[in-house]
1. Could you name the lysines whose alpha carbon sits less than 16 Å from that of Lys230, not counting residues in the same chain fewer than 8 places away?
2. Per residue and in Å³, how big is the convex hull formed by the alpha-carbon atoms of region 213-343?
3. Ranked highest first by average number of other Cβ atoms within 10 Å, how do 594-603, 532-541 line up?
4. Could you estimate the translational diffusion coefficient of the chain from the Stokes-Einstein equation, with Rh from the Kirkwood formula over C-alpha pairs, at 25 °C and 0.890 mPa s, in whole µm²/s?
5. For a 22 Å ceiling on Cα separation, which of these pairs sit above it: Lys584/Lys674; Lys433/Lys518; Lys795/Lys855; Lys415/Lys560; Lys453/Lys693?
6. Relative to the longest principal axis of the C-alpha atoms of the chain, give the angle of the C-alpha long axis of helix 905-927, reported between 0 and 90° and rounded to the nearest 10°.
7. List the lysines whose Cα lies under 21 Å from the Cα of Lys336, skipping any in the same chain that are fewer than 8 positions away.
8. What order, most packed first, do the peptides 394-400, 22-28 have when packing is the mean number of other Cβ atoms within 10 Å of each residue?
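Derivation of every value follows stated rules applied to the coordinates shown; laboratory data play no part. None of the values given here were measured: they were computed from a predicted structure. Cβ sites come from the backbone with ideal geometry, for glycine too, and all protein chains shown count toward neighbours.
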Amino acid sequence: MPDRGGGPTGPRMRVGRPSRRARTLLMTLGVLAVLGMAFTMFAGFWTDWLWYRSVNYSSVFTTTLWTKIGLFFVFGLLMALAVGFNIWLAHRLRPPLSAMSMEQQNLDRYRMGIAPYKKWLLLGIVSLVGLIAGASASSQWRTWLMWVNGVSFGQKDPQFHLDISFYTFDLPWYRFLLGFGFAAAILSVIAAALTHYLYGGLRITSPGARATAAATGHLSVLLGVFVALKAVAYWLDRYGLAVKSSDFKATDSWTGLRYVDANAYLPAKTILFCIAVICALLFFATLWRRTWQLPVIGFGLMVLSAILIGGLYPAIVQKFQVQPNEQAKEAPYVEKNLKATREAYGIDDASVKEYDGKSTTTDKTKLRDDVDATASIRVVDPNVVSPTFQQLQQMRNYYAFPTNLDVDRYNKDGKDQDTVIGLRELNLAGIPKNNWINDHFRYTHGYGVVAAKGTEADAEGRPVFTESNLPSQGDLGTYQQRVYYGEKTTEYSIVGGPQKEIDYSDDSGEKTYSYKAKSGVNLSNPVNRAAYAVAFSEPQILYSGAIGEGSRILYNRTPKQRVEAVAPWLTIDGDAYPAVVNGKIQWIVDAYTTTNGYPYSSRTTLGDTTADSLTATNNQRAVVAQQNQVNYIRNSVKATVDAYTGEVKLYQWDTKDPVLKTWMKAFPGTVESKKDISTDLMAHLRYPQDLFKVQRELLARYHVEDADTFLSGSEVWQVPDDPTNKSGDAVPPYYLSMKMPDQKAQAFSLTTTFTPNGRDNLSAFMSVDAEAGTSDYGKIRILKLPTNTTVNGPKQVQSQFNSEQDIAETISLLNRGDSNVEYGNLLTVPLDGGLLYVEPVYVRGGGLKYPLLRKVLVTYGGNTAFEDTLDEALNKVFGADGSSTQPPADDGGDTTKPPPTSTNPTVQQALNDAQKAFDAGQEALKKGDWEAYGRAQEDLQDALKRAEDAQATADKGSGSSAKPSASPSPRSSPSGSPSSSPSG
């Protein structure tokens, strides 16, 4: 019988079993870990493929993927072969063991140690360098695609007379190849030298020859390759001078050849190229001479030449030839820079005209009439009234509007109207209870458009909505109102399955809905569910019962995300804006093609150039992560994203842009023809803000075409800081329907102002025709003010507003208590030789959480007005009464005078009620209680309406046709509709 107590058999069996189990467990865990890592990598790849397929841009995914894979394997393999071959060759050329010195014999133990593993060691080294090189090369997929698909610009640079495509498409690829060659040569030299040392080909401390003949020949060839590559680098550097940036006193960043480049660096690079070629041949000659003497001398000569010819000589030329007569020496090269920069940024056709800045018209009535003909002045600031939209039209806490609304134009009764517009988007922070089901299944979309007239406010200072309520109703007609894709929609949603979505709520309660479109990725497949569970780190996606047949996952839901994903070669404008087009809400996204390889064109940094006071407070309006430098930009693509289906369409806008043509060759079928843009969509396309900001930044210096003036710096302008806040950031450009002096009618425009460098007076006014589909679209007009007179700039106008005693007292009254004054956009309008400034003033507080338009500031020709409405302010400034404008109100500040008495009892009672409401409003106004004031105004209007109805009834009974005199008309807005507010 076996010994169960403690014999040798029992314990051995008990120890052996746990050991095998442990090994099995470790192996199982290892296999699971590898499988987990593999599936994680697969999940990322698979979900990306599914997404691109769902938006019908799978060709972008496959083209990009195969290009990266091809570059990875080709250059990874080349690097591995180069390093591996030289290690193998060095080992092959090792001296016999008997010839090794004592130093090498001491290394014998290392050789013996690696001998059994040398094949694996070699494989490991070449694999590592191959992986690193392949990964680096795969990141150059854009460079490769631009080189292999590049098209001609049809223009040549002024120095080397090569097509511009050489610098934009070819030179970057050649530089990559050169860099790869340098890396391969250096790694090969290091690997070969170490192998030769380990196997006795090189000696450090031993007497006699430091290297065998074989090692000398091998290493000299590798060094010769390196020097030959340096010769190629010197040759390419010649062309690189045309796109080289350098500091220059007249500009922040100068690009292109200067006098010293053309007359010192260029010949120096040519000489150094010749020296490097000779030096490389000397290295190759060691295969026969077996001595380092001549190559070392040649290499030393090359280094000395690089110092003297490439460094010292240009410095001497700059010091003794250029600086004594810099203006004359640099002028020809400045002219090349001016021409190239203006062409590259699309500002070469900018019209610059002199403008006096002071009106000579004495007819005040004519000036007053000309205001309406010159501009549809927007008093509703889209960057201020978002909280007002939120308060009046949010309807539910789970809806929200963007921080900055947008300006568009819509046709009403045959006339285009500037409109402030925003979408009621989903706000997950406002959901009554946040959990996974609510956040991703039930609350999935926003609902409806809210729009208001840009040129007027109602009697309470609120926007005059042209599209409002839930569901939205108004002038925009019938359209799909659900917003599944928007600027604030950053979380994924799972729709279309068993779980119903909350559509919207009305008086009858909540309405439910199930998504009908084919957008998103189908989750019925368990593999897809598992992949998304891993990709989103949400295991519930795998097993949740809320997901079933028909469930689809929506993600990448902001317009900019979707356009960037389907067109990764484009730079996206910071402001996507919504429009109702053909019965659908479409996000319109402007996209740019850029390069930093346009010869002689000065560079700018997009992130800095497009920053202003709005982007500083709203990251959604900034260009996304665009700190890269460019020196060529075109608004080549107009993109749309359907707010319901998420469908992305790219339209070719600039049909002449060679950069876009190159990308269209690389990704055929992704960009549709400009002819496919519908008439309805064309009506809402506009000139993009970020391009305008870049152009105005360049035009601050490049509006001059004379080299001497440019070099003197006397005509340098700057974009002024926003005077309406204390951010210290640049004033944003403003959309406005207006007429420039050479235009016959108003056009939707984008405008800005300039001030002289270091001063606050106005130096120029700039506008661009932003109305797509017209012959003048994109035409830049600049009105340049005389330098011998002073015209107030935006900051000075704002200071003038704040310094006038009556205005300052009223502002102080409006600003007291818990009320705050907010200044709207300070608009500038050229008018009959002068400049009209208009600024709406909002008040937020007194129990109200949103700003209301209370005053309008206007100045022209030294006359300033601060009135309740734009009409009143214009009338005061020009000293003329408009035909549709009532006399100004009493100093008490209410917008409606107390009514007279009447003999009709019903009318008299209504008038008494009106008097009480008027008194209550005056009392609330003195206390700064805007909520009570608002209620009093409503009561006043109601009482006056009752009085008017009662009087009309009495007149009808008596047969009188006279109008009742009990209800005086409130003051009119520009369009004639009531638009009044308290004066404070």
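1. Straight-distance partners of Lys230: Lys269.
2. Values: hull volume 12.7 nm³, N = 131.
Enclosed volume per residue, from the Cα hull, is 97 Å³.
3. 594-603, 532-541
4. Details: Rh = 34.2 Å.
Using the Kirkwood radius from Cα pairs, D works out to 72 µm²/s.
5. Lys433/Lys518; Lys415/Lys560; Lys453/Lys693
6. 40
7. Lys156, Lys244, Lys249
8. Highest to lowest by the protection proxy: 394-400, 22-28.
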